[in-house]
1. Using a Förster distance of 30 Å, how high is the FRET efficiency between residue A:40 and residue C:45, based on the Cβ-Cβ distance and rounded to 0.05?
2. Given the options A:203, A:190, A:236, state which has the largest fluctuation in a GNM of chain A using a 10 Å cut-off (strictly under) for Cα springs.
3. Just how many % of Cα pairs in the stretch C:247-318 lie over 22 Å apart, if you round to the nearest whole percent?
4. How much FRET efficiency would the formula 1/(1 + (r/R0)^6) give for residue B:62 and residue C:241, where r is the Cβ-Cβ distance and R0 is 41 Å, rounded to 0.05?
5. Can you give me the C-alpha center-to-center distance between the stretch C:153-208 and the stretch A:49-64, rounded to a whole angstrom?
6. Please report the spacing between the Cα centers of the stretch B:67-108 and the stretch C:22-99 in Å, no decimals.
7. Taking just the alpha carbons, could you work out the radius of gyration and Dmax for the stretch B:62-277, both in angstroms?
8. Give me the distance in nm between label points sitting 7 Å out from Cα along the Cα-to-Cβ direction at residue B:22 and residue B:135, one decimal.
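Only the coordinates and a few stated rules stand behind these numbers; no lab work does. It should be emphasised that the depicted structure is a prediction, and the values quoted were computed from it without experimental measurement. Note: ideal-geometry Cβ built from the backbone for every residue, glycine included; neighbour counts use all protein chains shown.
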Amino acid sequence: MRTRTEPRFVRIMLVTTALVFLGIFLVLPLACVFHNAFAKGWGYYLGTLRHPDALAAMRMTMITALVAVPLNLVFGVAASWAIVKFDFKGRDFLLSLIDLPLSVSPVISGLVFVLFFGAQGVMGPWLTAHNIQILFAPPAIILATIFVTFPMVARELIPVMRAQGSEEEEAALTLGASGWKTFWRVTIPNIRWGILYGIILCNARAMGEFGAVSVVSGHIRGLTNTLPLHVEILYNEYQFTAAFAAASVLALLAIVTLIAKTFVEAAIRSGR
Amino acid sequence: MSRRFVQPSILPGFSLSLGFTVFYLSLIVLIPLSMLFVKTATLSLSGFWEVVTSARTLAAYRLSFGTALVSALVNAVFGLVVAWVLVRYSFPGKRIVDALVDFPLALPTAVAGIALTELYAPTGWVGRYLALVGIKGAFSPLGITIALTFIGLPFVVRTVQPVLEELDPQLEEAAASLGANRWQTLRKVVFPVIFPSLLTGFTLAFARAIGEYGSVIFIAGNMPMKTEIAPLLIMTKLEQYDYAGATAIAVGMLLISFVLLASGNFLQWHISKKLGKA
Amino acid sequence: MLLKKLYNLVIVLAAGLALAAPVAAASKVTLLNVSYDPTRELYQSFNKSFADYWFKTTGTALEINQSHGGSGKQGRAVIDGLQADVVTLALAYDIDVIAAKTDLLPGNWQSRLPHNSTPYTSTIVFLVRKGNPKGIKDWDDLVKPGVAVITPNPKTSGGARWNYLAAWGYALKHWNNDEGQAREFLTALFKNVPVLDTGARGSTTTFVERKIGDVLLAWENEAYLVVDQLGKGDYEIVTPSLSILAEPPVALVDRNVDRHGTRKVAQAYLEYLYTEEGQEIAAQHYYRPRLEAVAQKYAAQFPSLNLITIDAVFGGWKKAQEAHFADKGIFDQITQSN
């Protein structure tokens, strides 16, 4: 038995190392956010969150996630179906293209939409002529968010579907079920936890994106600010406590995300 | 070697799912991204070369890639330890620690940036002790590395963890019964198996760190030649109405990251092949 | 089948975008003022006052939206299509660029309103810590070893460009227009800068919250704001022997107001800045008023100092921009030789 694990002091040392590392890099920043958020007490905290601009920013963040997540979900399901269930030429290439937005700097992600929809951009003159505002308005914020969160669902679903295999679907089809029926009755129930997992991660990133959204937002108070941008604005207005209060909402959201994720993971495990 | 585009399957929906995937991918990612190259094409090749090799751009590239590399290395070492501890040992609060690892993915980068700056500035909880021993936390390459380590932390842990979980204990037992000591078992049996995933995690953390903007911008200090990261230089160029220059730096960054990622993938493929044979 | 699905998807996408797009034809009149960083508090008060005035005179409710950021960044956003009805930026060059790159407003925009279209002015002063421990009195104290100077990046911040040009102007005067000496002076000054934030607000945060640096080069109004709101008694304002007359201009964005049908109210908005009420609000936020009566009333608050102008010393913004802040300009050269 001794040869199958490490000596006790090595184990303790490794656990301590891991905990100290995580403590410094994860717990301390989190503590710092909440410490600063409540520096002026509960009343002030709630007051800053009830400010119309804060509410407008929360609304914008919510709308963005409500559009971006379902679209990426549909894409994620379609992409993983094509990639896992079929063997075709260029499949690996397609996979790396899907991952592309993860390795592109958020600044560049925002920039490409400026180049595309900006008044000086490719679509600019046409959009101006038809009085359609995309850049510096919610559509660009939503598009940039979709871009940044693009692979989130697909990345989670592909391994789940791969582990599931295709036998059940093939059986259903052989027994005479239609393609759609097989998909809804067999595939979806099998990957439901993977879908949920993907939604949770995608949603967290969609609500928290800063760099790309900052480039395309225009920073109009009460109109095109998301919650992360609102944090920056408050910070620049020397309202540090208010900035951290808004930040704490996002941190809280992150914590809820983690809890939800842990539950889903437990469900996936017991489902196996 | 004539191979059909798609291998026959009784499953339906290939053209629908692939068609939609390609359509959505093109609409959201490829067409917008192609703008980058279109815009850069307005520069002549020598113009492009001049922008990406100017002293300031090179300094920014060096800083971005250097700090990203260091942070990815830190994450590779400590991420491996964390993954190992989470899979192999039990200790109180393990579930919480496990959940906490994903915190950087869920926390908006701007919030991370403000919090880390608050911590590591000379007046901060950690910064003041660093200052005592003469180390500058925030507003130095160290600060940038700290922020990048934070955002890249989950990648190594989350790629290594599942591989460790799947690792067959019989392998280790076999090694032990053949007389290998624990260290030999780890080095010769465990490590080769998890190495490809460690490399994947490292590359992911590295790629993520190169482009990071939101969390770094607060903590960097932004001095040209010293603490100015490449994404900030892109922003700076933009604000001076220099679109071609901005996209040139962006394309340069993309190309370097692509080469690095591709060589990472190649290395990983090479190693797994070698291991498969052995 | 596939085509139909794709078609449906396009419809869904389009509907999503359409739903999310702001309704252009709102019943209420709205104005968008795109401004630079330190004017947040000024326009908060001014917008309230003007909306009241507009409601009283015309009976129309008015909603004024604000966008703030670094001056250059804001100018770029307007060029890229941010629907500003009026721009109120840190320096004329940023509006010149809008006029040069687009047909949003005519090239002669600056002559359309009194005083070069700058209803208020400011200048650059020093903010030091309580008791002025490093004994900073004038520009030449900034290049002494061991003095840490905080200023934003002139490449991205309008205020920082005024800082830089004021220092340059001082050096020229000090060394009888010897450009080589001025260049050396600026090189030494930027050697003493530990953090170069992207905007004026970032620099103030660095100085006040992070306690970094011995002296902050700041807009006069920003310095007063710090003393008043952030640290009563913790900071002191030092007025140097010479500084620059900073003129933050305002302009109507013709194309945008015509498209929105807001020309009349936007014009009135800008003109209101020049009225006694407008000037009063500017002075209360520590901008130097143009109107003589208001200027006299607040004279005690603004120390008189020797002010150079950009036109006299640098031959206007275009020349200053090209010589100093363009790529490979003097600023790039001195920061790269560091």
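1. So, using R0 = 30 Å, E works out to roughly 0.80.
2. Maximum fluctuation in the GNM of chain A, among the listed residues, is at A:236.
3. When every Cα pair of the stretch C:247-318 is considered, 44 percent fall beyond 22 Å.
4. It comes to 0.50.
5. Here the answer is 38 Å between Cα centres.
6. Centre-to-centre distance over Cα atoms comes out at 46 Å.
7. When restricted to Cα atoms, the stretch B:62-277 yields Rg and Dmax of 20.0, 69 Å.
8. Result: 5.3 nm between the two label points.
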